[in-house]
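Here is the structure we will look at.
The values are calculated or read from the model by the stated rules, or taken from the named source; none is laboratory data. Since the model is a prediction, treat every value here as computed from it, not as a measurement. Cβ atoms come from the backbone with ideal geometry, glycine included; neighbour counts cover every protein chain shown.
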Amino acid sequence: MITNEDFDSQKPEVEAIVAGETGSFYCRGDARALAVATAEWLERIEREREGDVVVRRCRAIIETRYNPCVRGELINAVIEECPPPEAVRVR
């Protein structure tokens with residue numbers, strides 16, 4: 001995946017990009033930088049079946065960080081750390 005480095009304009013899935021491993025970032029609005037990043041990835045994919053390696057890396061990130069079970073565990077962990085409602089006093 002290739003996207004701009006303006007993280008405020010991104011959706012959460014941008015977190016799945018590990019620069020150089022699962023994708024690249026370029027300066028927003030810089031068409032030349034986007035073209036360079038695209039050419040680099042096309043070259044890598046053609047070389048030694050790197051495309052398969054990249055696909056495995058991307059899937060591993062999604063499976064280990066962004067699947068419903070992992071997200072549910074994270075939500076439950078946060079909930080368990082919160083004090084019970086009766087322990088919170090509103091002034």
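List of remarks:
- The set of residues in region 29-59 being exposed (fewer than 13 other Cβ atoms within 10 Å of the Cβ) and not in a helix (DSSP H, G or I) consists of 29 alone.
- Subset of region 52-79 [over 16 Å from residue 15 (Cβ atoms) and in contact (Cβ under 8 Å) with a residue 24 or more places away in the chain]: 54
- Scope region 1-28; condition aliphatic (A, V, I, L, M) and part of a strand (DSSP E or B); matching residues: 2, 19
- Members of region 1-28 found to be among the polar types (S, T, N, Q) and exposed (fewer than 13 other Cβ atoms within 10 Å of the Cβ), listed by number: 9
- Close pairs from region 22-46: first of a type in the set (Val, Ile, Thr), partner outside any strand (DSSP E or B), Cβ under 8 Å, at least 6 apart: 22/1; 22/16; 22/54; 22/57; 22/58; 22/61; 45/51; 45/54
- Number of residues in region 23-56 that are within 25 Å of residue 67 (Cα to Cα) and at pLDDT below 90: the value is 7.
- Residue within region 62-69 that is over 24 Å from residue 7 (Cβ atoms), of a type in the set (Val, Ile, Thr) and part of a helix (DSSP H, G or I) present: no
- Qualifying positions in region 23-54 - β-branched (Val, Ile, Thr) and within 20 Å of the chain's Cα centre (by Cα): 38, 45, 53, 54
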